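> Let me begin by handing over the structure; questions about it come next.
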Amino acid sequence: MASSFTRILSSKRNVGILSLVGGSVAAGFLLHREHVTAGEPLRRRYPASAEYPDLRKHNNCMASSLTPAIYAKLCDKATPNGYTLDQAIQTGVDNPGHPFIKTVGLVAGDEESYEVFAELLDPVIKERHNGYDPRTMKHPTDLNASKIQSGVFDERYVLSSRVRTGRSIRGLSLPPACTRAERREVERVVVDALSGLKEDLTGKYYSLTLMTEQEQQQLIDDHFLFDKPVSPLLTCAGMARDWPDGRGIWHNNEKTFLIWINEEDHTRVISMEKGGNMKRVFERFCRGLKEVERLIQERGWEFMWNERLGYILTCPSNLGTGLRAGVHVKLPRLSKDPRFSKILDNLRLQKRGTGGVDTAAVGGVFDISNLDRLGQSEVQLVQTVIDGVNYLIECEKRLEKGQDIKVPAPIKQFK
Amino acid sequence: MAAMKNCHNDYKMKFSVDEEFPDLSLHNNHMAKVLTKDIYSKLRGKSTPSGFTVDDVIQTGVDNPGHPFIMTVGCVAGDEESYEIFKELLDPIISDRHGGYKPTDKHKTDLNFENLKGGDDLDPNYVLSSRVRTGRSIKGFTLPPHNSRGERRGIEKLSIEALSTLDGEFKGKYYPLNGMTDAEQEQLIADHFLFDKPVSPLLTCAGMARDWPDGRGIWHNDNKTFLVWVNEEDHLRVISMQKGGNMKEVFRRFCVGLQKIEEVFKKHNHGFMWNEHLGYILTCPSNLGTGLRGGVHVKLPKLSTHAKFEEILTRLRLQKRGTGGVDTASVGGVFDISNADRLGSSEVDQVQLVVDGVKLMVEMEKKLEKGESIDGMIPAQK
């Protein structure tokens, strides 16, 4: 069993390394479809114009960037694993979107998708990440938590603090495209590595297929258990196939460090605790991530990463840091102020309900987190959240005393 | 046609059977009962000329473990060739689903409505409406789980051309799902003609809702008694219906309309998929053979609560559904009663069973109304 993976990996990792150091020419040669399929055409009996999707009613980043010319150029290509453009865009074709909410509308099936379909992905990335140009810019990675300033919030306002990201295992296809064997291998690699974590990070793995009813109930009570995706954004991309095979949850005994396996990404890594000590949450986050990385490297694996896109994840919206750092914070007065949205915008923050994305706030408690993912480092983004939340709390306090508040100047971005 | 390469499947072959074989330990569907590692091993390296593989066939069954009481099929065909290339898996499933139908059996097709006896005298006080539906697949195109946007649009175009040649009682109009006016949509809903994007995971996991509503539409005749769905669960679903109990007339229109449509498709060198072993080829193995469901909405408030109701239905080779169709409940004692069989008997045979069986059940209902026993009327197994 191990041997088939070793064989594939030796070629895969060379590709990965070459794209890091060898430049686009070498990577391009290895990735070109003909090199893999010996010139055989993909199944297509109609010209590209007959296959081009009807995107007239669509409002997502894919629909904005996919011109008939780009479609015609890319529709006969495939990554070395056989992932195609039609597969990548299927979720965006099936989900036209909402006039107010612009979704991304495409996914990557593997690391090479970002290269083979770059002509579509680069403009999508640019639109989604506020002008970040993958062709010319480099993404900074910085997991040095000691650089964080202040970061302990007033607990009369901040109820909980959390930082999450995702990591993909290089050499294995991503959730939209992975086979059952690949998914099970992701599970094996990660669980094996996690069993090497020590001290406050010591923990246990709960496989979705094997957990007992008692374990399931406990995970639900802790708000750790994730469910089969129901959002058509995910199901249309094929991420729920074979559920719950190969899926599970790992967490440390202290319940402050949690890893989801094979949900929307290979792994989602979460550090959290009640209260306002974001500094400690981020410190544990960085330490845990670095330790997991060391453990998988010991076993001959590595994370998908490159210097133009940072950490490679399934959805282009999560490239770069893949990081969402946030708090649950009580802002009953500020949230009713008409300037609230503008203040958040200028601070580069976003609000969500306390149930997560696409939920409503309850009792004036909001989930406030960073808007950006790509083009700034982890340290920079977490600092942005800390500074921003401190400002929001100051506003709330001022409103409590009947004082007026100011809309802050917009924060400069990478451009 | 040159074989198309499925390079994703080639990539997958690097993993062993044990690594790829699905976990079916909690599953209750026909596919899960039949699929062994041995069969999987033999079939996983194959693909149809259009690139459909055994993993594609079984995905819906892997994703939908099923229900302890209801046995779903758990697999679909991606094209005509699926039934040949994956016969080692599909033949036993077909046998389980279609009462022991053997790989060597031949299926009889009979769309001669004159062979139906009676059927024009079902009591309209009990039989509220009559309906016959079937599906047809167009040769040369792959099926809804697998077809590309170009193919689906090609099917739609050909269907519109064929249907527009119909005249007389069949003269009608096509309403594409993506392009109908609000007024047209409301009328189609009021007529109970409009079909929606599939929500059942049995269908969505098989990829049948991709690109919705591109290439989908509804055609019906001006009289609203003959209806064709384009690119829903099959290339075509053909429906003949009317209020009341004249199943004979419904079946006549069904047969005549189908044959007219088939002639036009044949002229374009795209006849219907059919062979003498499996009859009409459709996406779901449960619809092979005639693909026919002939049924009525019938008031049976007393009979339906009788202890022997289920047994009577079984002996008559009929099945009950709620008036909303499959997987719905009955309302006010009104049931949808239709033929249970699809493969191994002809269209005429199956509609005859419905006509005879419903006639008998209405007589039973009348007896029960008078407080009389129906024990002497319980039929033998058909």
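The values are calculated or read from the model by the stated rules, or taken from the named source; none is laboratory data. Every value quoted in this text rests on a predicted model; they were computed, and no experiment measured them. Note that each Cβ is placed from the backbone with ideal geometry, even for glycine, and that neighbours are counted across all protein chains shown.
> Within region B:115-144, how many residues are out of contact with any helix residue (DSSP H, G or I) (no Cβ under 7 Å at 6 or more places or on another chain) and surrounded by 21 or more Cβ atoms within 10 Å (Cβ to Cβ)?
5
> Next up: Between a residue in region A:344-358 that is modelled with pLDDT of 95 or more and any residue that is of a type in the set (Val, Ile, Thr) and part of a loop (DSSP other than H, G, I, E, B), which pairs come within a Cβ distance under 8 Å, given they are 6 or more apart or on different chains?
The qualifying pairs are A:Asn346/A:Val407; A:Asn346/A:Ile411; A:Leu347/A:Ile411; A:Arg348/A:Ile411.
> Could you look through region A:172-206, keep only residues that are surrounded by fewer than 18 Cβ atoms within 10 Å (Cβ to Cβ) and charged (D, E, K, R), and pick out the one that is nearest to B:His8 (Cα to Cα)?
Filtering region A:172-206 for residues that are surrounded by fewer than 18 Cβ atoms within 10 Å (Cβ to Cβ) and charged (D, E, K, R), the one nearest to B:His8 (Cα to Cα) comes out as A:Arg188.
> A further question follows. Give me the residue from region B:38-59 that is within 13 Å of another protein chain (Cβ to nearest Cβ) and part of a helix (DSSP H, G or I) and, out of that set, farthest from the chain's Cα centre (by Cα).
So the residue we want is B:Tyr40.
> Please work out which one of (1) touching a Phe, Trp or Tyr at 6+ places or on another chain (Cβ under 8 Å); (2) of a type in the set (Val, Ile, Thr); (3) buried (at least 19 other Cβ atoms within 10 Å of the Cβ) is the condition B:Val296 fails and give its number.
(1) is the only condition that B:Val296 fails.
> For B:Ala209, state whether it is free of Cβ contacts under 8 Å to residues at least 60 places away in the same chain, more than 12 Å from every other protein chain (Cβ to nearest Cβ) and either under 30 Å from A:Lys228 (Cβ atoms) or not in a loop (DSSP other than H, G, I, E, B) (or both).
No: the conditions fail for B:Ala209.
> If the requirement is being in contact with a Lys or Arg (Cβ under 7 Å, 6 or more places away or on another chain), away from chain A (no Cβ under 14 Å) and modelled with pLDDT under 95, which of these qualifies: B:Asp182, B:Asp191?
After applying the criteria, what remains is B:Asp191.
> Which one of these is assigned by the TED database to the domain that holds B:Ala209 and touching an Asp or Glu at 6+ places or on another chain (Cβ under 7 Å): B:Gly322, B:Gly291, B:Gly332?
B:Gly322
> Taking the stated definitions as given, is B:Phe309 touching a residue at least 24 places away in the same chain (Cβ under 8 Å), of a type in the set (Phe, Trp, Tyr) and not assigned by the TED database to the domain that holds B:Lys87?
Judged against the criteria, B:Phe309 is not a match.
> Among (1) modelled with pLDDT of 95 or more; (2) more than 14 Å from chain A (Cβ to nearest Cβ); (3) surrounded by 15 or more Cβ atoms within 10 Å (Cβ to Cβ), which single condition is B:Lys102 missing?
(3)
> With respect to A:Arg373, is the statement that it is touching a Gly at 6+ places or on another chain (Cβ under 8 Å), at pLDDT 95 or above, of a type in the set (D, E, K, R) and surrounded by 23 or more Cβ atoms within 10 Å (Cβ to Cβ) true?
So A:Arg373 passes the test.
> Still on this structure: Quick check on this structure: which one of B:Gly215, B:Gly140 is within 13 Å of another protein chain (Cβ to nearest Cβ), at positive phi and in contact with a His (Cβ under 6 Å, 6 or more places away or on another chain)?
The unique qualifying residue is B:Gly140.
> Determine which single condition B:Glu169 fails, assuming it passes every other condition in (1) without any contact (Cβ under 8 Å) to a residue 24 or more places away in the chain; (2) away from chain A (no Cβ under 14 Å).
(1)
> Looking for something touching a His at 6+ places or on another chain (Cβ under 8 Å), in a loop (DSSP other than H, G, I, E, B) and crowded, with 17+ Cβ neighbours inside 10 Å - is there at least one such residue anywhere in region B:243-251?
The answer is no, given that none of the residues of region B:243-251 is touching a His at 6+ places or on another chain (Cβ under 8 Å), in a loop (DSSP other than H, G, I, E, B) and crowded, with 17+ Cβ neighbours inside 10 Å.
> A further question follows. Just checking, how many residues over region A:294-310 are at pLDDT 95 or above, part of a loop (DSSP other than H, G, I, E, B) and among the basic types (Lys, Arg)?
Residues in region A:294-310 being at pLDDT 95 or above, part of a loop (DSSP other than H, G, I, E, B) and among the basic types (Lys, Arg): 1 in total.
> While we're on this one: When you scan region A:1-100 for helices (runs of 4 or more DSSP H) that lie fully inside it, which ones turn up with 3 or more residues that are modelled with pLDDT under 95 and more than 19 Å from A:Glu112 (Cβ to Cβ)?
Where helices (runs of 4 or more DSSP H) fall fully within region A:1-100 and carry at least 3 residues being modelled with pLDDT under 95 and more than 19 Å from A:Glu112 (Cβ to Cβ), they are A:2-21.
> Please determine, by comparing only the residues of region A:268-282 that are over 21 Å from the mean Cα position of the chain (by Cα) and part of a strand (DSSP E or B), which one is modelled with the lowest pLDDT.
Out of the qualifying residues, it is A:Lys274.
> Take region A:207-224 and flag every residue that is crowded, with 18+ Cβ neighbours inside 10 Å and at pLDDT below 95.
Answer for region A:207-224, where residues must be crowded, with 18+ Cβ neighbours inside 10 Å and at pLDDT below 95: A:Met211, A:Leu219.
> If I go through region A:59-84 residue by residue, how many of them are closer than 19 Å to A:Leu174 by Cβ and within 13 Å of chain B (Cβ to nearest Cβ)?
8
> Can you tell me which residues in region B:161-195 are part of a strand (DSSP E or B) and not small (Gly, Ala, Ser)?
Correct list: B:Lys173, B:Tyr174, B:Tyr175, B:Pro176.
> Identify, please: which residue in region B:12-31 is more than 8 Å from chain A (Cβ to nearest Cβ) and not in a loop (DSSP other than H, G, I, E, B) and is, among those, surrounded by the most Cβ atoms within 10 Å (Cβ to Cβ)?
Filtering first and then ranking leaves B:Met31.
> Do you know which residues across region A:381-405 are surrounded by 18 or more Cβ atoms within 10 Å (Cβ to Cβ) and in a loop (DSSP other than H, G, I, E, B)?
A:Ile405
> Quick one: B:Glu81 ticks every box in (1) surrounded by fewer than 18 Cβ atoms within 10 Å (Cβ to Cβ); (2) within 14 Å of chain A (Cβ to nearest Cβ); (3) under 21 Å from B:Ser286 (Cα atoms); (4) in contact with a Gly (Cβ under 7 Å, 6 or more places away or on another chain) bar one, so which box is it?
The one condition B:Glu81 does not meet is (4).
> What residue, of A:Gly171, A:Gly246, is more than 28 Å from B:Arg210 (Cα to Cα), of a type outside the set (D, E, K, R) and touching a helix residue (DSSP H, G or I) at 6+ places or on another chain (Cβ under 7 Å)?
A:Gly171
> Then there is this: Quick check on this structure: which one of A:Leu159, A:Leu143 is modelled with pLDDT of 95 or more, in a loop (DSSP other than H, G, I, E, B) and not small (Gly, Ala, Ser)?
Sole residue among the options that is modelled with pLDDT of 95 or more, in a loop (DSSP other than H, G, I, E, B) and not small (Gly, Ala, Ser): A:Leu143.
> How many of the residues making up region A:283-319 are within 16 Å of A:Glu254 (Cβ to Cβ) and either surrounded by fewer than 18 Cβ atoms within 10 Å (Cβ to Cβ) or more than 17 Å from the chain's Cα centre (by Cα) (or both)?
Qualifying residue count for the region: 5.
> What are the residues in region A:332-380 that are in contact with a Phe, Trp or Tyr (Cβ under 9 Å, 6 or more places away or on another chain) and either over 26 Å from A:Arg284 (Cβ atoms) or among the aromatic types (Phe, Trp, Tyr) (or both), if any?
Selection gives A:Leu334, A:Ser335, A:Ile343.
> Sticking with this one: Taking the condition in contact with a Pro (Cβ under 6 Å, 6 or more places away or on another chain), within 14 Å of A:Arg167 (Cβ to Cβ) and in contact (Cβ under 8 Å) with a residue 12 or more places away in the chain, does A:Thr321 pass?
no
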